[in-house]
C-alpha cells in the first residue's frame, strides 16, 4: 500500500533539494552590496513619508468591499453544486435556489441603497 506514495515522496524530496540547492548557490555566488539604499523602502520612485505608529487609519470601505466579495463568492460556491445536481432535484431545488438568490439580491440591493459601493465618498 505504501508503494503508491513512493513517486509522490520522491517528487517532494527532489523539489526540496532543488529549492535548497538554489538558495545555497545564490548565497555563494550572488553579489553582496549592502548599502543604505538597498534597505530603504521603495514606492515607485517616491520617497516614503513617515507613518504614524500602527499604520494610521484605513478606510472602512475596503473592508466592506472585501466582505461583499466574500458573500458573493460563497453564493457561487453554493450555486455550483446546485447546478451540477439540478436534474435530480426537480422543482423543489429550483424553488429553494430562487429563495437563496433572492435573499442575496436583497442584501445586495440594501448595500447599493446605503452607498456601500460608492468610492467617491
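Structure summary
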{"quantity": "For peptides 13-21, 99-107, sequence by mean Cβ density within 10 Å, most packed first", "calculated": "99-107, 13-21"}
{"quantity": "Chain lengthening between residue 29 and residue 91 when straightened (0.36 nm per residue, less Cα-Cα)", "calculated": "15.5 nm"}
{"quantity": "Ellipticity estimate at 222 nm from DSSP helix runs (n ≥ 4, -39,500 (n - 2.57)) divided over the chain, nearest 500", "calculated": "-23500 deg cm²/dmol"}
{"quantity": "For the chain, built as a Gaussian network whose Cα springs stay under 10 Å, the top-fluctuating residue of 97, 89, 11", "calculated": "11"}
{"quantity": "Virtual spin-label span in nm between residue 57 and residue 101, 7 Å along Cα→Cβ", "calculated": "4.1 nm"}
{"quantity": "Gained length - residue 10 relative to residue 109, 0.36 nm times residue gap less alpha-carbon distance", "calculated": "30.3 nm"}
{"quantity": "Rounded to 10°, Cα long-axis angle of helix 60-84 versus longest principal axis of the chain", "calculated": "60 degrees"}
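A short reminder: the numbers here are calculations on the coordinates, not readings from a lab. Since the structure is predicted, the reported quantities are computational estimates derived from the model, not experimental observations. Virtual Cβ from ideal backbone geometry, glycine too; neighbours counted across all protein chains shown.
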